[in-house]
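Structure first, commentary second.
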Amino acid sequence: MMCQSANAMWSRWSAMLVWIFLLLCCSANVVSTIIYQVTEEQPPNTLIGSLASDQGLPDTGHLYKLEVGAPYLRVDGKTGDIYTTENSIDRETLKDCRNLFEGDPCFLEFEVSITDLMKGTGPRLIEGRIEILDENDNTPQFSSPVLTLSIPENTHVGALFAIPLATDRDSGSNGIADYALTTGPEAANLFSLQVAQDSDEKLPQLIVLGNLDREQRDSYDLNIKVIDGGSPPRQSSALLRITITDANDNVPKFEKSHYEGELPENSPVGHTVLQVKANDSDMGPNGEVTYSLHQASSTVQRLLSIDRNTGTIFVKGLVDREDISMLKFYVQAKDNGPQSKSSKALVTITVKDQNDNAPSIRIRGIGLVTHEDGVANISEDMPVGTAVALVEVSDRDEGENAVVTCVVAGDVPFQLRSASETGNDRKRKYFLQTTMLLDYERIKDYRIEIVAVDSGNPALSSTNSLKVQVTDMNDNSPIFSPSLYEVEFAEENQSGDKVLDVVATDADSGTNAELTYSITGGSLPEGLFVINPNTGEVRVMSQLDREQLDHYQFLVAAADKGVPSLRGTATVVLKVLDRNDNDPKFMLNGYSFSVQENMPPLSPVGMVTVNDRDKDENAHVELSVEPDNGKFMIQNGTYTILSTISFDRERESTYSFRLKAVDGGDPPRSSYVGITINVLDENDNAPYVTKPSNSSYKFLDPRTSPETHVERVEAEDMDIGLNSEMDFSIVGGNPHGLFRISSEGEITLAKEFTSKHIGLHRLVVKVKDKGTPPRHTTALVHIYVNETIGNVSHVEGLVGHSLYTPLEMDIAGDPDYSRDQQNNIIFAVLGGFCVVVLIIAVAMIIRHVMLKENKSGYQAGKKETKDLYAPKPGPKSNKNKKAKKSKAPKPANPSEEDEGGSLQKGLKFNLMNDSVNDSPRIHLPLNYPPGSPDLGRHYRSNSPLPSIQLQPQSPSASKKHQAVQDLPATNTFVGTGDNNSTGSDQYSDYSYKANSSKYSTKQVGDDFESMAGYHSTAYQSPGYPSPGYHSTGYHSNGYHSNMVWTKGMY
């Protein structure tokens, strides 16, 4: 049989290379003579033969696979050794050995494919046969346990009668070897056994040894035994019953000892095959012959039948040459005599072929390619020429009917190539191999149809198909689409919230396309994000905080389960969206600012820093003041705190409030911070003397020794720090250097008194603070030096007089001082006598008017009230006229302290105006220390008091402080160190400097009015018979006095 592939023909060079390869590896003749022998019924794993060692085939780097021979055989994949299996080989049951004649060999065919694993080439196919040697595993058996043999009674001694044959399924030496006959005593002398040899067959024959008499005994029972030639031998027995009949002299004889005929297969039932004929020389029934099939096989008995009378053999059943090509049996001819005789003849019928079988196409796996349910799996990476299947094409017919042409139908990348170097005409094998590289991703499977057509007339054809499924190789990496995931995710999430799904695809299939997702790359905290390895779902396991990190970037990977595994990656960029989860936060837990007092309104006080870790509107912060008392405001944008007032430390030194910060979130969040404003001191307060009062005096004995404590000047300053630290100095009234004062205000006697020192001493003490610029005040300390005080009123008069004596004039106990003053008084009286009357009249009229309208004068017997010391506006005409007369000259250098010049320039009385509410000054009481002469009270009780009026040069009533005089003054003359001095505000963080005059202080001239700062109409010294001491003309711009001194005043 020949078969050609229609898809591709081998080229000459390819055929030559194949033959050269085959010659180098093994000879075609050698391969075709691979025949092994093995005895049937061998135990499992019995070595039958080794292809590698026995036939010179490769023994390393090759894969041996049994293609045909199962389930009786197995092959070692590495060595090619062939072994028996658990299914024992029984020669008598093998399909190809069932209808063998005696002596025919029994073969078991096998096929082994050899694949070169090193070169990766297609497999080779090795065919061979194993001769199954018979083993004595079957016991010979008679056809029936009771055999019947008829012998005529007149049979002569020595006659032979055929005994029915026994059969043995074994063959050769294991077949029937001998028969044995056992007789009883009654038959021992009548019968014997003879075994004849007919070719390879043992024929048992019964020998008659004596005369038989049917009337005496008509039957005998003998025991016949059959023995085979095996080792150990097997045997069986049957009952041979001999029946004595009447005589029959002749045996039927066939015309031929061997009949041969032909029978076309598929002949109809009743079709005559041939006719056998036998003749019998006897007469009557003894010469009538009948025919039968003698010990025919079941197949023969099924297919054929014989006419008993004519010997015609005809078809009984459907004869198929492909099932059995030859029928071989015996026909027995037997007469009808009472002691019938028989003979037999061999009949051989050859079954002639008809083209009744279409070609058979068997497709099975080969080498490493396995088939399951008609599907062959081949990897897409196999090289061109890889065998996908072994195609076995056969036709059960023969001759021209078995010549088959086979092709691969359709446009598929496969072709047939002869697989066996040898083969019979009835069976050819081909490799179904690839003609190009396969690509799973392009075509995943092929349906291959193979068509086979025989050469019969009419021709028969058949088809068979194979599904070739391209198995995926892991040659494609997973791909993410897109490769960049950008996702927005709000903070304040819950643990386990889903972030996104990532999806990758793999063009491969099966496990090569099964993906496992993982997170890789990026500097992520461990366990922050997790990904479902099967679905690609990414979840966050912790709460995100945008304020800590506003975005995350990491890689997700998808790895397939192929070997080796391939992977693809994608980038995930997660932007954390803001939630309003942070309160506005001030930079500090509390703010404390220091500002200079007297700053103008809307000056910056300080700046706070507030931020919100959120974003956009959630981070837009607005500030407000709580409680909003109108003193402060916040400038949003710069977060600068502004004051809406001017600060006065002496009135309020510390301000505390809160700032509220509210963001723009929904809902908004807020926070608070405490603000403390500390008002720094400015030297805006001059010291004031609390002890002694200006109108008091200290008595001192002239015999007092030096270094004796005389008096202590005590003063206070409402400022703080250096602005409140004070220095004390004697700037007047100490021309003899009798007294000295310490920095603490301690006055001690420096020298001994002399006679010229007897009298009143007025020390002008200057109290100056250490501020910049400094401020000072002047105090008068009266010391009366005398052995005794003869006239207290006289001393008080001297003290009262000193209050109105210019400070430039020393009152230091000099006797010439009294005489000079008396002369001056006399001259003044004489010089002004002409106008005294007029002045007195005018003064009385003015006094009367003032007492009536202003009630500012003192009336004897009237109860003193607080209004007595309250400032009163003076007459406008008098004030204006006085103001126009003269103006105090301005000092050349206002910053220098006038120590030796006119001390009166810096002297003022500090008086409080109760109606000025914003003044921080302490209202000084008009009290005197215990033991001090109450000169002021004396003066108030005996003399009209001068009225107090605000001069145009004085600060207006709306200013913070008023420079006024409460008369009679108790202790203090107040002056500034510099009429142009200004407060200096220093602001540390925000440079702000304000130069504003808190007090519009005006320096007065050299007149006494500069000392007092008030307008007085009259002064009368109590206790004198004369009208007393009169003083007029105290104006703001000059000092004018008309004094009348009475005798005995000093």
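FYI, it's all coordinate maths here, none of it is from the lab. Note that the structure is a prediction, hence the values are computed from the model and not measured. Every residue, glycine among them, receives a Cβ derived from its backbone with ideal geometry; neighbour counts consider all protein chains shown.
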**OP:** List Asp411, Asp581, Asp323 from most exposed to least, where exposure is judged by having the fewest other Cβ atoms within 10 Å.
**Re:** Asp411, Asp323, Asp581
Subject >> Span from the the range 180-238 Cα centroid across to the the range 753-783 one, whole angstrom >> reply: 185
**OP:** Give, as a single signed number, the net charge of other residues whose beta carbon lies under 11 Å from the beta carbon of Ser671, with Lys and Arg counted +1 and Asp and Glu -1.
**Re:** +1
Subject >> the range 585-680: proportion of alpha-carbon pairs further apart than 17 angstrom, % >> reply: 49
Subject >> For the range 479-577: rounded, prolate or oblate by the Cα gyration tensor [a/c cutoff 1.5] >> reply: prolate
Subject >> Within straight-line cross-link reach of Lys467, aspartates and glutamates at Cα separation under 16 Å, skipping those fewer than 8 residues along the same chain >> reply: Glu372, Asp373, Glu380, Asp411, Asp439, Asp445, Glu449
Original post:
Going by how many other beta carbons lie within 10 Å of each one, how would you line up Glu725, Glu752, fewest first?
Top reply: Glu752, Glu725
Original post:
Alpha carbon centre of the range 589-607 versus the range 452-485: separation in Å?
Top reply: 91
Subject >> Residues Leu47, Leu263 arranged by fewest to most Cβ contacts within 10 Å >> reply: Leu47, Leu263
Subject >> Pairwise Cα inverse-distance average, inverted: Kirkwood Rh of the range 253-352 (Å) >> reply: 13.7
**OP:** For the range 438-539, state the average projected area of the convex hull of the C-alpha atoms over all orientations, rounded to one decimal in nm².
**Re:** 10.0
Subject >> Average projected area [Cα convex hull, the range 146-266], square nanometres >> reply: 10.6
Original post:
Dividing the convex hull volume of the alpha carbon atoms of the range 642-766 by its residue count, what do you get in Å³ per residue?
Top reply: 123
Original post:
If the limit is 29 Å between Cα atoms, which of Lys95/Lys202; Lys202/Lys334; Lys328/Lys429; Lys256/Lys316 go over it?
Top reply: Lys328/Lys429
Subject >> Whole-percent pair-distance distribution, where bins are 10 Å wide, for the alpha carbons of the range 524-568 >> reply: 21, 45, 24, 8, 1
Original post:
Which length gain, in nm to one decimal place, applies between Ser219 and Val195 when the Cα-Cα distance is subtracted from 0.36 nm times their residue separation?
Top reply: 6.4 nm
Original post:
What does the charge count near Lys770 come to, summing +1 for each Lys or Arg and -1 for each Asp or Glu among other residues with Cβ under 11 Å from its Cβ?
Top reply: -3
Subject >> Rg and Dmax of the range 36-135, Cα atoms only, in Å >> reply: 14.4, 49
